[in-house]
Amino acid sequence: LCTPAQEVLMRFFYGTMPLRDAGEYEFRVFLSFVKHAIWLREHVEWCADLPEDIFVNHVLYYRINSEDISENRSFFYEQIKNLLPEAGCGSDRLRETVLAINYWCAENAAYQASDMRTASPMTVYRSGKGRCGEESTFAVTAFRSVGIPARQVYTPRWAHCDDNHAWVEVWLHGRWYFLGACEPEEILNKGWFSNASSRALLVHSRCFSDFTEEGEACIGKEGVTWFYNNTVTYARTKNLSVSVTDPEGKPAEGAEVSFEILNMAEYCSVAVLTADEAGEVRLTLGLGDIRIRAMLNGWCGEALVSAAVQERAALRLDTDLSQTDWIRDVWEQ
């Protein structure tokens, strides 16, 4: 049986989790995350002071990306509890604690490129290696295990070279700070990727509920996963407005508008928005070139846009996909 507090959080889990998780993992696995989070809320002073949305999404929540789920929070807590400030020290030493935990992560997980997706935090700990997506999932788990809110952020594609990257943000004193996962630095808001991210077209984070802090723009939903735009933290940006009209020149309400970055010899869609009643969508982007494609009722239109010099773009749906099978096939891929 669950206590009333446990029941509330378990209902939150089952109301927001991917449906597959409910079938693949036992009830007790999710309950272990709930019990540990409640214990942190009651016994760790910086966790007790967290806003509710930050706590449930970035301390309590069991999933970070697409990793395998196991009962790991108590295990990680036991490994790093000696790095925590003594009781009564308040939250003033949290910054040093975050840096110390990231050094611990670096001692226990080295970078190794891999095509495998995505090893669990426990697998990374036992093998001592992982790619950036796995290292960041590993580090987020470590921070959450001691009540420090953390999330994985990433650029789905770099604009200046072929690849992508994931790293970590932690919540301290009412704001997010970034750091390279398992890449220890002496200060926060520094990483080897700082220069690269300053040229990113899009940096975003994910959340498994829409119960989230105000001020971050939601840029879409895939299944039960919500994506939030964090580009302004890293790069100079511009708010780009895109208007879409149908073949008759009328606003194309409901059109799907895809923003695509040229990377690895192909255009990769990094955000898909739905046009409002005026046929418009808006997205904050880094200053670079991006292809925009729109589709509605079998019609398609596209344009190459430079966010460095443009604030608005207009697309007309002028291509009938039913007459161009190769375009339809590319779109569906």
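The values are calculated or read from the model by the stated rules, or taken from the named source; none is laboratory data. Treat the numbers as computed from the prediction; the structure is a model and nothing was measured. Heads up, the Cβs are rebuilt from the backbone with ideal geometry, glycines too, and the neighbour counts pull from every protein chain shown. Each accessible area value is taken on the protein alone, full model and side chains, heavy atoms only, with ligands, DNA and RNA left out. Shrake-Rupley method; radii C 1.70, N 1.55, O 1.52, S 1.80 Å.
Tabulated data
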{"quantity": "Kyte-Doolittle mean at least 0.0 and Cα axial length at least 15 Å: DSSP H helices in the chain", "calculated": "4-16, 27-43, 94-108, 132-145"}
{"quantity": "Gyration tensor verdict on region 96-241 (Cα atoms; rounded if a/c is under 1.5, prolate if a/b is larger than b/c, oblate otherwise)", "calculated": "rounded"}
{"quantity": "Built amide H within the under 5 Å cut-off of Leu172, gap 5+", "calculated": "Tyr177"}
{"quantity": "Magnitude of the charge dipole, the chain, Cβ model with Lys/Arg +1 and Asp/Glu -1, debye to 20", "calculated": "640 debye"}
{"quantity": "Where Trp167, Trp226 fall by accessible area, highest first, once all protein chains stay in place (1.4 Å)", "calculated": "Trp226, Trp167"}
{"quantity": "Met264 accessible area, assembled protein chains, probe 1.4 Å, Å²", "calculated": "100 Å²"}
{"quantity": "Positive minus negative residues near Glu135 (Lys, Arg vs Asp, Glu; Cβ under 12 Å)", "calculated": "-1"}
{"quantity": "Burial ranking of peptide ranges 276-288, 238-250, 131-143 (average Cβ count within 10 Å, highest at the top)", "calculated": "131-143, 276-288, 238-250"}
{"quantity": "J(HN,Hα) series, region 279-290, from Karplus relation 6.51 cos²θ - 1.76 cosθ + 1.60, nearest Hz, glycine and proline x", "calculated": "x, 10, 9, 9, 8, 8, 10, x, 7, x, 8, 8"}
{"quantity": "Proximal charge balance of Ala48 [Cβ under 11 Å; K/R count +1, D/E count -1]", "calculated": "-2"}
{"quantity": "Only Lys, Arg (+1) and Asp, Glu (-1) charged, at Cβ; region 238-326 dipole about Cα centre in debye", "calculated": "340 debye"}
{"quantity": "GNM top mover of Leu179, Leu84, Leu202 - the chain, alpha-carbon springs below 10 Å", "calculated": "Leu84"}
{"quantity": "Heavy-atom accessible area ranking, 1.4 Å probe, most first, across His43, His160, His58", "calculated": "His43, His160, His58"}
{"quantity": "Cα gyration tensor, the chain - rounded (a/c under 1.5), prolate or oblate", "calculated": "prolate"}
{"quantity": "Exposure of Lys129 as accessible area (Å², to 10), given a probe of 1.4 Å and all protein chains", "calculated": "90 Å²"}
{"quantity": "Sum of side-chain charges, Pro251 neighbourhood, beta-carbon under 13 Å (Lys, Arg +1; Asp, Glu -1)", "calculated": "-4"}
{"quantity": "Residue of Asp162, Asp289, Asp210 that the Gaussian network model of the chain assigns the largest fluctuation, springs spanning Cα pairs under 10 Å", "calculated": "Asp162"}
{"quantity": "Amide H partners (placed H, <5 Å) of Gly220, local residues excluded", "calculated": "Phe227"}
{"quantity": "Under Karplus coefficients 6.51, -1.76 and 1.60, residue-wise ³J(HN,Hα) of region 20-25 in Hz, glycine/proline x", "calculated": "4, 4, 4, x, 8, 10"}
{"quantity": "For region 301-309, Karplus couplings with θ = phi - 60° (6.51, -1.76, 1.60), whole Hz, Gly/Pro x", "calculated": "x, 8, 7, 9, 10, 10, 5, 5, 10"}
